[in-house]
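Please treat every number below as a calculation from the coordinates, not as lab data. Here the structure is a predicted model, which is why all the values come from computation and not from measurement. So basically every Cβ, Gly included, is an ideal-geometry build from the backbone, and we count neighbours across all protein chains shown.
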Amino acid sequence: MLTHFKSLAATAILGGLLTSSPAAAADYYQGKRLTVLINFAAGGPTDIEGRLFARHVAKHLPGSSGVIVQNMDGGGGATGTNFLGEVAPKDGTIIGYLTGAAWRYVTIKEKSRVDFLSYNMIAYQPGTTVYYARSDVQPGLKVASDIMKAQNLVVGGLTVDSSKDLLERLCLDLLGLNYKYVTGYTSNANARLALQRNEINMFAESPPGYISVIAPGLVAKGEAVPLFYDPGWNGVRFSQPAQAKDLNMKPFHEFLREVTGREPEGKLWDTYKHALAINAAMQRLVAFPPGTPKPAIEVMREAIRKMAVDPDYAADAMKTVGFVPDYEANDNVQREVENALSISAEDKEFIADYIARGQKR
């Protein structure tokens with residue numbers, strides 16, 4: 001596969017010679033096949049949404065010969081993200097459907113082999129994360145607030161520096177709970193299996209996986225209890241993400257107030273809000289490799305805007321994930337992503353220290 005992509009990459013230089021005239025842009029995908037690279041394994045929330053995206057976006061690329069999906073998981077999403085920047089052809093024929101990439105840029109920028117802000121940001125989708133636990137966590141969970149009495153709580157994660165793991169730990173620390181933290185599961189699907197085997201008894205994932213797998217399975221059977229979800233946060237106020245509309249659980253800030261009787265505050269709380277502003281606001285990022293020709297960027301953004309109002313897409317989305325993913329695909333996306341990823345050196349230092357403490361748990 002790497003050899004295949006390297007050979008394709010050699011032709012990408014020609015793409016940069018294409019003009020950006022309206023005619024050239026409109027015909028850019030004539031006879032070309034698009035690859036959607038998903039940076040998590042098959043079966044997880046990113047994969048479910050990514051395949052939904054792939055099924056419908058190609059219909060709005062004039063002349064396209066179709067679309068294929070490639071999963072490249074590992075490193076909490078870093079493997080696929082790095083591949084997109086380093087190896088993938090830069091001719092518009094491969095686009096990344098990425099989760100966790102923005103947060104990794106903020107927290108471990110120095111480990112990125114390609115500057116993430118050099119990628120061509122095409123669109124982003126706000127999202128949320130749903131937290132749930134096994135109902136047999138001692139002394140037994142019947143309702144969400146019972147988590148405050150939990151004993152031997154074991155929360156699972158993907159990688160210690162991923163936004164998922166950080167948010168899980170932040171929520172539990174803000175609630176003042178004692179817990180064991182086990183990370184290193186390569187995908188949500190693997191972590192779900194670990195939860196079913198009782199290796200871990202608490203996990204979190206975005207709505208596609210929860211709605212399609214957890215709610216009709218573990219929750220419906222009484223084997224798991226939904227706890228809370230992450231609210232939206234724009235730096236000023238909280239909001240309810242569209243995906244959370246029918247989840248029938250409280251957002252974390254309201255849950256915390258209810259079970260502790262106090263207002264959240266302090267560095268942990270500030271870090272939680274930073275994570276929301278970056279990860280939740282841009283839970284899914286659609287991006288081309290650095291150096292992708294302007295015509296490909298223009299046509300892809302327009303295709304996503306057309307997909308957003310396509311009734312077939314909406315119907316398929318409701319059937320597949322229970323909501324219609326809403327993508328921001330305006331011409332200022334690149335600048336908006338850059339602005340969102342700018343946080344103070346002091347806050348970065350605190351986050352780095354918090355991640356390091358997680359490695360020692």
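Worth pointing out:
- Structure note, pairs LYS32/LYS306; LYS221/LYS273; LYS180/LYS267; LYS90/LYS306; LYS149/LYS273; LYS90/LYS273: Cα-Cα distances above 27 angstrom occur for LYS221/LYS273; LYS90/LYS273.
- Both radii were evaluated on the Cα set of region 130-277; the Rg over Rh quotient, with Rh as the Kirkwood radius, amounts to 0.93.
- With the simple spin-label model, which puts each label point 7 Å out from Cα in the Cβ direction, the GLN30 to GLU349 separation comes to 5.8 nm.
- Per-residue extension of 0.36 nm, minus the Cα-Cα distance of ARG113 and VAL182, leaves a gain of 22.2 nm for this segment.
- The chain: most fluctuating residue of PRO62, PRO251, PRO231 per GNM, C-alpha cutoff 10 Å: PRO62
- Packing-based ranking, highest mean first, of 267-274, 285-292, 234-241, 30-37 given that Cβ atoms within 10 Å are counted: 285-292, 267-274, 30-37, 234-241
- Estimated distance in nm for a label pair at ALA340 and TRP269, the labels positioned 7 Å out from Cα along Cα-to-Cβ: 2.4 nm
- Debye-formula intensities of the chain, expressed as log10 I(q)/I(0) at q = 0.09 Å⁻¹, are -0.49 (one equal scatterer per alpha-carbon, no solvent).
- Scalar couplings 3J(HN,Hα) for region 225-241, obtained by applying the Karplus form with A = 6.51, B = -1.76, C = 1.60 to θ = phi - 60°, are 10, x, 9, 6, 9, 7, x, x, 8, 9, x, 10, 9, 8, 8, 9, x Hz; x denotes Gly and Pro.
- Spatial separation of Cα centroids for region 196-219 and region 59-105, in angstrom: 26 Å
- Gain upon complete extension [ASP136, ASP173; 0.36 nm per residue less C-alpha separation]: 11.2 nm
- Where a label projected 7 Å from the Cα of LEU193 along Cα→Cβ would reach, residues of region 42-66 with amide N under 16 Å: 42-45
- Under Karplus coefficients 6.51, -1.76 and 1.60, residue-wise ³J(HN,Hα) of region 271-283 in Hz, glycine/proline x: 5, 4, 5, 4, 4, 5, 4, 8, 6, 6, 5, 10, 4
- The chain - mean residue ellipticity at 222 nm from DSSP helices (-39,500 (n - 2.57) per run, n ≥ 4, rounded to 500): -11000 deg cm²/dmol
- The string of couplings for region 210-220 from the Karplus curve (6.51, -1.76, 1.60, θ = phi - 60°) is 5, 5, 8, 10, 6, 4, x, x, 4, 5, 4 Hz, one whole number per residue in order, with x for Gly and Pro.
- Residues LYS149 and ILE68, FRET efficiency given R0 of 41 Å [Cβ-Cβ distance, rounded to 0.05]: 0.25
- Loop-located GluC sites (Glu not before Pro) in region 138-217 (DSSP state other than H, G, I, E, B) with a sparse environment of at most 16 neighbouring Cβ atoms within 10 Å: GLU199.
- Pair-distance distribution of region 261-361: all C-alpha pairs, bin width 10 Å, starting at 0; shares per bin in whole percent are 11, 30, 28, 21, 9, 0.
- Antiparallel beta bridges, as assigned by DSSP with both residues in the chain, represent about 55 percent of the total such bridges.
- Placing dummy labels 7 Å off each Cα toward the beta-carbon, the span from LYS319 to GLN359 is 4.7 nm.
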